[in-house]
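Please read the structure below before turning to the comments.
What follows draws every value from the coordinates through simple rules; no lab data is involved. Quick caveat, the model's predicted, so the values are computed rather than measured. Note: ideal-geometry Cβ built from the backbone for every residue, glycine included; neighbour counts use all protein chains shown.
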């Protein structure tokens, strides 16, 4: 399994947990529209953050040639 596969697998795990939390929140909301909207907002925020982390990790795990196109502060092993 390469870095990209591991990152994708971790991303899938995060989505599984996000969905589980979202589903539990919908069950707990018991039809309350406000609680359901809060659950949806939290799910969407978590999804956006998971995508951001996946994309950043994928870029950092890219082969060195591809990393050269990244800004210096975003390259693997380069201090921020």
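Using the Cα atoms as the points, what is the convex hull volume per residue of segment 3-58 in Å³? Write down the numbers at each step before the final one.
Values: hull volume 2.4 nm³, N = 56.
Given the Cα convex hull of segment 3-58, per-residue volume reads 43 Å³.
Relative contact order (percent) for segment 3-58, with alpha-carbon contacts under 8 angstrom and 6 or more residues of separation?
Reported relative contact order: 50 percent.
Calculate, in nm to one decimal, what residue 1 and residue 16 gain on full extension: separation in residues at 0.36 nm each, minus their alpha carbon distance.
Result for the pair: 3.4 nm of gain on full extension.
Starting from the Cα of residue 29, step 7 Å along the direction of its Cβ; do the same at residue 44; then give the gap between the two resulting points in nm.
So the label points at residue 29 and residue 44 sit 1.1 nm apart.
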